[in-house]
Amino acid sequence: MNAVTAPPLRPTRASRRPGHLRPPSISRFSAVYLWVVFLALFGALQFRLFLTVSTFQVVFSQGAVTAVLALAFLMPLTTDTYDLSIGEVMSLTIVVINWLTLHTSLPIGVIAVMAVAGCALIGAVSGFVVVKLRVNSLIATLGMSEVLSAFQLYISQNHQVAGRFSSLFVTVGNGTVFGVPYLDLYMIVIAGALWFVLEQTPLGRRMFAVGGNREAARLAGIPADRIVWGSLVTSAAIASLAGVMYTAQVGAYTADIGQGYLFPALAAVFFGASQLSQRPNVWGTLIAFFALAFGVQGLTLQFGAGTFWASPLFQGVALISAVGIASSRGAIGAGGDSRAIRRLLRSRGPEAQPAAGPDPGASPQA
Amino acid sequence: MTLQLRHVTKSFGEQTALRDVDLTVDYGEVHALVGQNGSGKSTLIKLLSGYHQPAPGAEAELDGRSFQLGSTHAARAAGLRFVHQDLALVLQLSILDNMMLGRSYPLGLGGRIRWREAADRASGYLRRVGVDADVRSPVGSLSMSERAAVAIARALSDTGHGRLLIVLDEPTAALPAGDVDRLLESIGRLRADGHGVLLVSHHLGEVLGIADRITVLRDGRVAASLPCAGVDQRRLTELIVGHSALAPDTGARQPAARVDADEHAVLRVRRLAGGRVRELDFAVRAGEIVGVAGITGSGRESLAPLLTGGLPHCGEIEAARSVLAPGRPRGVVAAGVAAVPGERARLGVFPNLGVRANMTISQPERHRRWGRIVRGAERDEVEMWIGRLGIVTQGPDAPMPTLSGGNQQKVLVARALRTRPKVLVLDDPTQGIDVGARAQIHEVIERCAADGIAILLVSTDSDELARLSDRVLILAGGRLARTLERGPGLTAKSIDASQLDLTAGPAFAAAAARSEGTEGEA
């Protein structure tokens, strides 16, 4: 090893082996328990309807697109960057693909690749605004989402756009293998790839480092700006993939797809960030998403199709409680924005009473 | 007699910060409070402002009326006003809004703010401290001395009293040299208006230039309280440090030629400027530990950020034969310069990662196979460092916030050393950590030097500098003011004394020249 410190210093205490690091806490697996509770509860209430193969198929096939969208949001969040434009990126992809099938004769594969590449470019523009113009990511991507919705309105003329698709493309979106929808397989492949990058590679390490302490990351030689930029390109590309999946499954574009999908995706990522490794992570996101999806499905079955208000209510409460739990534990938002806000709140004290007393946070020097 | 403090004692646990301190400040006088770090100055100010409570038996009166020490409200009601070092200004707000923070604006019909009246009042107070600026302009557009003056004007405007006792805590520490004179003028105006001023400062030149009386605190006691006339800088330094400890000056300002001629230098710095550093030349040889000392504002605090890319620099930094680009930490790391940053929590620690990831973050590629980090190999290396540096942790994957400050610091030291650096830059490496961890880190530093790493040790801890350094560079006014070589003359006391004794730049000289019996240039 390094000659620098070759003769070992006396250790003050032998380090313990890994294994009993953290006590196995219930809250780290709360999404799994919640899932079980939903299955048991609605299973008991709606025995015939709920615990059936078709319920599972419905939830998993309907959920795959949103789950992929959640994974898109997850990537920049690891670097403490928010990308709220993913919903509109997804619906822009949908309208573009539909429109191109009507007005060109390009094969659907080429169209899909073009759409995804174009959306990656949109992500690069968001990245430019966030990194180079130093606009807060929430604001930059919120603005970007309005711009993208303008594109959609222009292309669709505010009408439904129903493209012509080959039967192969429809099968790609609706087929199953051994009862498992193809869409879920795509989801698993994307999730696996992201998990590998985030948890196994040096790049993933650096992304979390940038999210945890950006200035320290920069000083440690990490290209923090480039990483944030890249994470926004990735999120746009994945959101666009979710759009391709949606088109394959459902087909036609209708207005207001994006915003409806954005919310459950955010809820899943924030809830998932309180799970497993207790920072934004891939499997936690998926588990949290499907736990909530089963809850929504159970509610719908319980109260009938007329209770369209049940889903947003449930999602809203879930998001607030998940973020509440996670941020009170410091699991998410440990970086920039929320810290800045906390600092701001603290600093109000002495400024409000300038001559009254010293800043309690002042260092006791001299 | 205006402000009178008698028998003020304060202890924190076992440690006594102040012992039976008496202090008297008159209206129409500038009274300076000086002393080394840890002498009790801050504690005394915090007692006055009501942040700390004194031990029973302390008496305080202002204008003949006794008031309770340790109460913010009582201090304010008695007529004490404070301007703290950070000034507590909101840079985005206007001067007027800053002066009205936490106060009520004059209101007109229907609760409308009478802006004109508020502005007239505010500019009146501003003129009294010698600033003529539009009160609607944002504080961020002002120079540092004008900002300090705004803070003083705000303290003045918060009245109800005819005459006030204004406490200024290190008001010049953050000022560029040229601004100091203007602020001292403002302080002079306060005195002329009949207010009393208690001035806390490290800059002896400035103290001697403006103060009427000086009280010296040493180890929590009043070492001396004497009129300013008849004291010179050397005598004052002796009073602060405790005895005559000025080391012989071994050649101030190394000529650049010698720096260039030094064949073995690994780190070479030429005409470095940036932050508070104005112009600096030095070189560090392989295996050498060079200490850097200086009071706040001397450039000491900017040096490590400049060298490691935290701040953009001008001039040339050459490390291990490559020239560093300004403000690019990546290039610095690649050139073989490793750093342990000051302000551990803000600039070093990743709270969301474990010990292992925190330690290897600069070069996680070392244990990479097929694109992924091989956990077992990485864990083994981290375990080795944990053993080597005696890091007390539950294991290599324990969350970073579960470690004590000293152990977090050791993780950062390991992060720097595992990159096998040729140059190691340490910024206050043992600040705020326990004695055991401090001794271990010192041992590591010495071992690194023995292995041929060039080490730059920037520190506020004079004991540490005296113990480890081959020579100590004393900075003042952003320049190298003196070099203390290893030998019997290099002691913590001599380092302290040199920092205090050195006044640099024409501004300080001008301030010093105002008082008779002061050395012109140290």
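Taken together, the values in this text are just the output of simple stated rules run on the coordinates, not laboratory data. This one's a predicted model, so the numbers in the text were calculated from it and none came from an experiment. Here the Cβ positions follow ideal geometry from the backbone for every residue, glycine too, while neighbour counts run over all protein chains shown.
What is the average number of partner chain Cβ atoms found within 10 Å of a Cβ in B:344-356?
Numbers: counts 1, 2, 3, 6, 5, 3, 13, 7, 16, 7, 3, 1, 2.
Average neighbour count from other chains, rounded to a whole number: 5.
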Checklist entry - Under a plain spin-label model, where a point goes 7 Å from the Cα along Cα-to-Cβ, how far apart in nm are B:Ser104 and B:Arg271? => result 6.0 nm
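Can you tell me how the stretch A:27-330 classifies by the Cα gyration tensor, rounded, prolate or oblate, using a/c under 1.5 as the rounded cut?
Verdict is oblate for the stretch A:27-330.
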Checklist outcome for this item: Note on the stretch A:120-273: alpha-carbon gyration tensor, axes a ≥ b ≥ c; rule is a/c under 1.5 for rounded, else prolate if a/b larger than b/c, else oblate; result oblate
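Based on the Cβ-Cβ distance from A:Arg164 to A:Asp256, what FRET efficiency comes out when R0 is 30 Å, to the nearest 0.05?
Working: r = 23 Å, r/R0 = 0.77.
My answer for the efficiency is 0.85.
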Checklist outcome for this item: Mean 1/r over distinct Cα pairs of the stretch B:103-207, inverted to a Kirkwood Rh in Å, yields 14.8 Å
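Between B:Arg328 and B:Arg127, what is the FRET efficiency for a Förster distance of 41 Å, r being their Cβ-Cβ separation, to the nearest 0.05?
Working: r = 46 Å, r/R0 = 1.13.
Step by step, r from the Cβ atoms, then E = 0.35.
Order of B:Phe12, A:Phe29 from fewest to most other C-beta atoms within 10 Å? Can you show the working numbers first?
On the way: B:Phe12 10, A:Phe29 15.
The most exposed by this proxy come first: B:Phe12, A:Phe29.
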Item to check | Scattering profile of chain B at q = 0.09 Å⁻¹ [log10 I(q)/I(0), Debye over alpha-carbon scatterers] | outcome: -0.74
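B:Arg285 to B:Asp463: FRET efficiency via 1/(1 + (r/R0)^6), r the Cβ-Cβ distance, R0 22 Å, to the nearest 0.05?
0.40
May I ask for the net charge around B:Ala119, where only other residues with Cβ less than 13 Å from the Cβ of B:Ala119 are counted and Lys, Arg are +1 while Asp, Glu are -1?
Working: positive: B:Arg114, B:Arg116, B:Arg121, B:Arg127, B:Arg136; negative: B:Asp97, B:Glu117, B:Asp120, B:Asp134.
After counting each charged neighbour, the total is +1.
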Checklist entry - Put a dot 7 Å past each Cα toward the Cβ at A:Phe308 and B:Ala229; how far apart are the dots in nm? => result 9.1 nm
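Can you give the average number of partner chain beta-carbon atoms within 10 Å of each beta-carbon in peptide B:388-394, as a whole number? Walk me through the numbers on the way to the answer.
Working: counts 10, 5, 8, 4, 5, 4, 7.
Mean number of neighbouring Cβ atoms from other chains: 6.
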Item to check | Fewest-first sequence of B:Arg375, B:Arg154, B:Arg346 by Cβ atoms within 10 Å of each Cβ | outcome: B:Arg346, B:Arg375, B:Arg154
Item to check | For the stretch B:194-199, Karplus couplings with θ = phi - 60° (6.51, -1.76, 1.60), whole Hz, Gly/Pro x | outcome: x, 7, x, 10, 10, 10
Checklist entry - Which value in nm describes the separation of the simple spin-label points at B:Arg369 and A:Asp225, placed 7 Å from the Cα toward the beta carbon? => result 3.8 nm
Checklist entry - Cα convex hull of the stretch B:3-246: mean projected area in nm², to one decimal? => result 14.3 nm²
Checklist outcome for this item: Footprinting proxy, B:Arg482, B:Arg356: sorted fewest to most Cβ within 10 Å, the residues are B:Arg482, B:Arg356
Item to check | Alpha carbon centroid spacing (whole Å) that separates the stretch B:164-239 from the stretch A:209-250 | outcome: 54 Å
Checklist entry - Considering amide H positions built from the backbone, and no H for Pro or chain starts, which residues 5 or more places from B:Arg218, or on another chain, come under 5 Å of its amide H? => result B:Ala223
Checklist entry - Per residue of B:440-448, what is the mean number of Cβ atoms on other protein chains within 10 angstrom of that residue's Cβ? => result 2
